[in-house]
Amino acid sequence: MTEYENILYSKERGIAYIVFNRPKVLNALNRTVFEELKEILDDLYADKETLAVIVTGHGKAFVAGADIAEMRQYTPGEGREFGIFAQEQLNRLENLPKPVICAINGYALGGGLEVALACDIRIIAAGAKVGQPETALGIFPGFGGAQRLPRLINPGNAKYYIYTAEHISAERAYEMGLVQEVVTLEELMPRCKALAEKIMANGPVAIRLAKQAINEGLNMGLRPALQYDAEIFGALFGTEDRISGMEAFLAKRKPEFHNR
Ligand code: CAA
């Protein structure tokens with residue numbers, strides 16, 4: 001396994017762990033972190049054994065945003081280039097053909113919330129705070145937050161929190177549907193692992209294509225999205241896992257899936 005300076009990356013029993021690890025600056029995202037994330041995503045795109053991914057932060061924060069000290073001297077061109085590079089990696093994270101669970105262990109602010117928004121499911125520790133405080137710095141959420149947040153929650157709420165730069169409590173995030181569950185910090189990783197295992201017990205090809213249908217469909221109108229669904233739904237009938245899933249149900253036994 002490659003060692004990274006700013007990210008702990010490991011794999012165990014079909015689950016890959018991406019742990020942001022710059023605790024002295026609350027895991028702030030600089031250019032190097034995104035370069036490391038790019039390599040990790042290259043590995044995960046090629047990896048057929050890993051069936052789920054958990055993203056979290058080391059220490060008291062998940063990620064407190066993009067690295068303000070590094071961005072401080074950026075020119076407009078450098079700011080644009082950084083935004084594009086970060087967006088590319090978060091788009092790849094969003095479309096990774098495996099379920100990605102975000103374990104929000106502490107502050108997920110600015111670019112940190114934008115990482116969480118690119119994951120499929122978000123579980124938060126009570127006491128953690130999320131938010132898009134960029135306008136307090138004279139910028140706005142440029143790593144996808146200005147687009148993903150109003151698509152995920154009520155656009156009025158997204159604008160409220162982007163304009164005011166207010167931090168959002170775990171409970172308020174849950175109330176708005178921004179996260180799926182609030183658990184204690186002690187329960188956070190066990191709960192995320194249990195959730196990953198529950199998902200992994202289902203047909204991996206079906207999960208992969210369900211994710212593809214949902215992500216692609218969200219960028220289309222309803223009619224083309226339904227047509228797209230029909231195509232990939234049909235393709236599933238040619239898979240070995242579909243046959244063993246249905247045969248197992250009819251024989252009243254547990255299915256065995258082989259990801260093909
Ligand atoms: N970039 C660089 N350094 C950061 C950082 C960031 N985003 N967030 C925290 N740090 C550093 C602090 O400067 C501090 O360093 P020193 O010990 O050298 O002083 C260290 O991390 C610890 O932080 P605090 O002392 O501030 O810790 P706290 O517990 O008092 O406060 C916090 C925690 C509320 C998260 C506060 O650190 C904070 O507000 N951080 C910035 C949050 C933010 O504005 N994020 C958005 C960044 S812009 C962005 O993300 C761009 C984008 O979308 C495209």
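The values are calculated or read from the model by the stated rules, or taken from the named source; none is laboratory data. These figures come from a predicted structure and were not determined experimentally. Cβ placement follows ideal geometry from the backbone for every residue including glycine, while neighbour counts extend to all protein chains displayed.
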Looking for something under 30 Å from Asn259 (Cα atoms) and in contact with a Cys (Cβ under 7 Å, 6 or more places away or on another chain) - is there at least one such residue anywhere in segment 143-162? no
Given (1) within 26 Å of Met200 (Cβ to Cβ); (2) in contact with a Ser or Thr (Cβ under 9 Å, 6 or more places away or on another chain); (3) within 16 Å of the ligand (Cβ to nearest atom), number of the condition Gly57 does not satisfy: (2)
Considering each of Asn95, Asn105 in turn, give the residue that is more than 27 Å from Glu187 (Cβ to Cβ) and at pLDDT 95 or above. Asn95
Matching option when the condition is without any contact (Cβ under 8 Å) to a residue 12 or more places away in the chain and more than 16 Å from the ligand (Cβ to nearest atom), among Asp42, Asp47: Asp42
Which condition number does Thr75 fail, the rest of (1) closer than 19 Å to Ile40 by Cα; (2) free of Cβ contacts under 8 Å to residues at least 24 places away in the same chain being met? (1)
From the list Lys11, Lys38, which residue is surrounded by fewer than 17 Cβ atoms within 10 Å (Cβ to Cβ), under 16 Å from the mean Cα position of the chain (by Cα) and modelled with pLDDT of 95 or more? Lys38
Among the strands (runs of 3 or more DSSP E) lying completely within segment 92-132, list those that include at least 1 residues that are away from the ligand (no atom under 16 Å from the Cβ) and either touching an Asp or Glu at 6+ places or on another chain (Cβ under 9 Å) or under 19 Å from Phe34 (Cα atoms) (or both). 100-104, 121-125
Given the criteria among the small types (Gly, Ala, Ser), without any contact (Cβ under 8 Å) to a residue 40 or more places away in the chain and within 27 Å of Phe85 (Cβ to Cβ), does Gly145 qualify? yes
Looking across segment 68-91 at residues that are touching a Lys or Arg at 6+ places or on another chain (Cβ under 8 Å) and within 12 Å of the ligand (Cβ to nearest atom), the single one that is nearest to Gly14 (Cα to Cα) is Phe85
Can you tell me which of Met189, Met176 is surrounded by fewer than 18 Cβ atoms within 10 Å (Cβ to Cβ), of a type in the set (A, V, I, L, M, F, W, C) and under 30 Å from Gly14 (Cβ atoms)? Met189
Need a quick list: helices (runs of 4 or more DSSP H) entirely within segment 165-260 having at least 1 residues that are among the hydroxyl-bearing types (Ser, Thr, Tyr) and assigned by TED's automatic domain parsing to the domain that holds Arg151. 170-175
Name the single residue, out of those in segment 61-87 being surrounded by 15 or more Cβ atoms within 10 Å (Cβ to Cβ) and charged (D, E, K, R), that is nearest to the chain's Cα centre (by Cα). Asp67
